[in-house]
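Following: one structure in structure tokens, then a few remarks.
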Amino acid sequence: MPSSHPTPSPCQWFFRLASALDCRSAARLVRLFLGVVLARGRRTVTSWIRAAGLSGEFRPCYTTVAAAGKRADSIAGHLASAAVRPLVADADRLTFALDDTPTERYGPHVQGAGVHHNPAPGPAGGPYVYGHVWVVLGLLAAHPAWGVVALPLLARLYVRRKDLPGIDPGHRPPFRTKLELAVDLVRWAVRWLGYWGKSLWVVADAAYAKAPLLKPLLSLRVTVVSRLRRDAALRTLPGPRPPGPRGPQPLYGERRIELAKRAGQRRGWTTRTFHLYGKPTAKRYKTFLATWRPAGGAIRVVLVDEPTGWVAFFCTDPAATVADVLTAAADRFALETCFRDCKEVVGAGQQQVRFVWASVGSFHLCLWTFTMTEAWAWGRSDDRLVDRSASPWDDSTRRPSHADKRRAWRRELLGEEIRAVLGPGVTPREIQVAAQRLLNLAA
């Protein structure tokens, strides 16, 4: 049964995000956001509906979730300006992490689902997984105590060409590769966040370090950092234009650069301490400039001597420093942690919907509530987010997990509702309704 009291004040973001929809759907989306935060157990859409007190409107709720999927670009823009922008106000640039992740699904009638490579099979997992694959764009924000946190903003559903016929023609998206979807996400970031007056960097997995991604981003004036293949066809910097008839300045040098030979040379190595993964880390490296056709010209190459062997990174900005490149490459793993928490804590992929736009909308609701939870907890002290007094075996200095932050936000939302019910002028009927709602959520 829905509560008769107004939505607590921390939910003003819900209204801002829902304003991208029709007014009728917007009111339901506000309460569905509240249901996503308060839902317990398996996070299906029905559990969201029950936690939001919308059981009598369950059919329009599914329509609202699908509408949120269709308007994901606008909603993500509102989220970035309302909740995320204050967190990166002091940053010199905006650094985005780009990667893809699967969500397992079951059943032959789930639109857009297919067999995909499993990036983290684990001891008992298989090499393949059946479900959806999402290309996700997350903004990396540095917290003074927690380190770098990935705030997912927008995602694109990747559907294999052979799986497209299983989607209704009226809702069937055109086939696009993961690289094309990644370029589309960065274009969205340039369009919606470019007016913030900061340069844009993108750090991606090595699978995205290819010409279909690098060259469009170069035209958008976006800097890319990624891993470099050991057999990359690098060349030296171009020399001066030869005398004679006029012509364009050469973009690539004449001599080939072998990364294995550069790494095998004993000279040129330098050891320096960098702040990586939240702590000072000594790295032995060498750096040089080269030209690479997939990047359309000169790049900064950084070779790092690791215990398991050397690895190579690159940056499309030749003026970038070694610290810039290594820090961005290390910060990218915050997005991997975000994927784990979105699936295990928020419940991304558990929503049990079949329609393609409902799948897109429900996945984005999970991403957006993750980001809003981190933004809500950003300025709060650790002792306000988690109380470890009842767990003396726990490490008191450990930073709060996303589950801790989510529980703290849930307690505040429910506390606001309880205080509203206990205020003056409340009828016994309203107290009974609120008590029944809280009991349903607790049980």
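The values are calculated or read from the model by the stated rules, or taken from the named source; none is laboratory data. Small disclaimer: the values here were computed from a predicted structure and weren't measured. With ideal geometry, Cβ positions are generated from the backbone for all residues, glycine too; neighbour counts draw on all protein chains shown. Heavy atoms of the whole protein, side chains included, go into the accessibility calculation; ligands, DNA and RNA do not. Shrake-Rupley method; radii C 1.70, N 1.55, O 1.52, S 1.80 Å.
Structure notes:
- Hydrodynamic estimate: the Kirkwood radius of the range 1-155 over Cα pairs, inserted into Stokes-Einstein at 10 °C and 1.306 mPa s, corresponds to D of 89 µm²/s.
- Between Ile257 and Leu234, Arg235, Thr236, the built amide H atoms are under 5 Å apart, and every one of these is 5 or more places off in sequence or on another chain.
- Bridgeable lysines around Lys70 (alpha carbons under 21 Å apart, same-chain partners fewer than 8 residues away excluded): Lys178.
- Between the range 384-408 and the range 339-356, the Cα center-to-center distance that results, in Å: 24
- Max mean-square fluctuation residue, GNM over the chain, Cα-Cα springs under 10 Å, options Val322, Val360, Val386: Val386
- Each peptide among 15-22, 410-417 gets the average number of other Cβ atoms lying within 10 Å of its residues, and from highest to lowest they stand as 15-22, 410-417.
- Highest-fluctuation residue, Tyr130, Tyr195, Tyr158 considered, GNM on the chain with Cα pairs under 10 Å: Tyr195
- Measuring against 29 Å, Cα to Cα, the residue pairs Lys162/Lys210; Lys215/Lys343; Lys198/Lys279; Lys162/Lys405; Lys210/Lys286; Lys198/Lys261 contain Lys215/Lys343; Lys162/Lys405; Lys198/Lys261 as the ones spanning a longer distance.
- Across the accessible surface of the chain, with the other protein chains kept in place and a 1.4 Å probe, carbon and sulfur atoms take up 53 percent.
- Taking only the Cα atoms of the range 292-443, the ratio Rg/Rh comes out at 1.14, with Rh defined as the Kirkwood radius.
- Taking amide H atoms as placed 1.01 Å from N in the peptide plane, the amide H of Arg354 has no partner under 5 Å among residues 5 or more positions away or on other chains.
- Amide hydrogen neighbours beyond the local backbone of Leu151, cut-off 5 Å, H modeled: Leu139, Leu140, Ala141
- Couplings 3J(HN,Hα) of the range 381-392, computed from phi: 6, 5, 5, 7, 8, 8, 10, 9, 5, 7, 10, x Hz, in residue order, whole Hz [Karplus 6.51 cos²θ - 1.76 cosθ + 1.60, θ = phi - 60°; x for Gly and Pro].
- Probe 1.4 Å, accessible area per residue of the chain, Å²: 49
- Full-stretch length increase - Arg272, Lys198 - with 0.36 nm per residue and alpha-carbon distance subtracted: 23.8 nm
- At the listed q of 0.12, 0.15 Å⁻¹, the Debye profile of the range 230-325, built from one uniform point per Cα, gives log10 I(q)/I(0) equal to -0.45, -0.65.
- For the chain, a Gaussian network of Cα nodes joined below 10 Å ranks Ala68, Ala390, Ala52 by mean-square fluctuation, and the top entry is Ala390.
- Between the range 277-317 and the range 85-153, the Cα center-to-center distance that results, in Å: 24
- Each eigenvalue of the Cα gyration tensor of the chain, multiplied by 5 and square-rooted, gives one semi-axis; in descending order these are 44, 25, 20 Å.
- Environment charge at Lys178 (Cβ cut-off 12 Å; Lys +1, Arg +1, Asp -1, Glu -1): -1
- Whole-Hz couplings from phi, Karplus 6.51/-1.76/1.60, listed for the range 106-123; x for Gly and Pro: 10, x, x, 9, 7, 5, x, 7, x, 8, 10, 5, 8, x, 9, x, x, x
- With N counted as the residues of the range 56-130, its alpha-carbon radius of gyration over 2.2 N^0.38 Å works out to 1.59.
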